[in-house]
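Remarks on the structure that follows.
The values are calculated or read from the model by the stated rules, or taken from the named source; none is laboratory data. Just so you know, these numbers come straight off a predicted model, no measurement behind them. Here the Cβ is made from the backbone with ideal geometry for all residues, glycine too, and neighbour counts use every protein chain on show. Surface areas here come from the heavy atoms of the whole protein model, side chains and all, with no ligands, DNA or RNA. Shrake-Rupley method; radii C 1.70, N 1.55, O 1.52, S 1.80 Å.
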Amino acid sequence: MCCPRIRTTAFNLDRLTYAGNLENLKDIESSDRYEFIKGDICDRKLLESLEFDAILNFAAESHVDRSILDAAPFLKTNIAGTHNLLETARQRGCTLVHVSTDEVYGSAETGLFNEGSPLLPNSPYASKASSDLLVRAYVETHGVRAVITRCSNNYGPYQFPEKLIPLVILNAISGKPIPVYGDGMNVRDWIYVEDHCRAVDAVLHRGRPGEIYNVGARNEMPNIELIRLLLGKIAEQLGMSEDRLTGLITFVKDRQGHDRRYAIDPAKIEGELGWRPETAFEDGITRTIRWYIDNRKWWEGIISGEYMKYYDVQYGERLRG
Ligand code: TDX
């Protein structure tokens, strides 16, 4: 979360709610430049007790389906939490990079989202739009050195299996139905997680305060096309029959308020900061599938307990009928 003056040390402040997992950070936990703190961005006293000069706000409730079931945690973390970080940044005079999402723009019927596109959020998750407006207000009113990034759909290792790509991979490996919302023709714009991380790093070091940077890899695809591609690659890697896997595809009742299309124009971050996505989609997908196949223990520990309760509420009736 931060960088003291001489030697960069990162504090990772995380409440460890359902998707938080210290296993994901095993390879850096013994570094003397890294410190984990279990805590909430809504806890102002905790923030005041730490020494830092930059904040990266990755903290969010991020799953659209959960926001439809219960919006309250989204409003608390995404809006009240961001407000706390803005107050901290104002008092400290430190930089804040606010990691947001393309969802704040709503659905792109045509063309691409650019940084000037109107904010037309359609799901309670897109309470992120409210936090973006708060950031803007703190820049204008208090001169806070804040920058906003808005990224398209991420994928890669360690992604919590509620999101489409890991859900498809795990259900295919386990021989479970693969739920496709509506007609499967909703379009998403996919980017490998490490490309997103490099974009946030570029914005932290070279972004102009008060600016917004869209982040995307120009990689739009209808969901059903993505799912078929994934299943083909899974069949290849596991030596399974592709027909058997595509037989798991199950069209189910659509998501309420389902955005039809996201499509990001990354020209500004490319032109101004020299950032470019480096991972070709096919390579990223192949690597991601391999990771889930090789890390069964990681996900078997997750797809039990709270996750299965959520899964049943989310998919039980849809898959039965
Ligand atoms: O079971 C499913 N079946 C299905 O058809 C799930 C989980 C999803 N979908 C569809 C819905 C979307 O059109 O797949 C697409 C991707 O769904 P998600 O992985 O839930 O992502 P999305 O709703 O597009 O939101 C994502 O993009 C913006 C992230 O979850 C957000 O955190 C991000 O900010």
Candidates Leu96, Leu86, Leu119: whichever shows maximal mean-square fluctuation once the chain is modelled as a Gaussian network with Cα springs under 10 Å: Leu119
Separation of alpha-carbon centers, the range 68-82 and the range 230-270, rounded to whole Å: 27 Å
The chain shape via C-alpha gyration tensor axes, a/c threshold 1.5: prolate
Amide hydrogen neighbours beyond the local backbone of Val215, cut-off 5 Å, H modeled: Arg150, Cys151, Ser152
Estimated vicinal HN-Hα couplings, Hz - the range 20-25 in sequence order (Karplus 6.51, -1.76, 1.60; Gly, Pro = x): x, 7, 5, 3, 5, 10
Karplus (6.51, -1.76, 1.60) ³J(HN,Hα), θ = phi - 60°, over the range 147-152, in Hz, Gly and Pro reported as x: 10, 10, 10, 10, 9, 7
Cross-link partners of Lys176 among aspartates and glutamates (Cα-Cα below 20 Å; sequence separation of 8 or more within a chain): Asp65, Glu162, Glu225, Glu236, Glu242, Asp243, Asp254, Asp294, Glu300, Glu306, Asp312, Glu317
Between the range 131-210 and the range 289-321, the Cα center-to-center distance that results, in Å: 20 Å
Built amide H within the under 5 Å cut-off of Val144, gap 5+: Val139
Around Trp298: net Lys/Arg minus Asp/Glu count, Cβ-Cβ under 11 Å: 0
Amide H partners (placed H, <5 Å) of Arg261, local residues excluded: Ala108, Val187
Within the accessible area of the range 7-61 (1.4 Å probe), percent carbon and sulfur: 48 percent
Rounded to whole Hz, the Karplus (6.51, -1.76, 1.60) HN-Hα couplings of the range 268-276, x for glycine and proline: 5, 5, 5, x, 7, 10, x, 6, 9
Restraint check, Lys38/Lys268; Lys76/Lys297; Lys253/Lys309, Cα-Cα greater than 29 Å: Lys38/Lys268; Lys76/Lys297
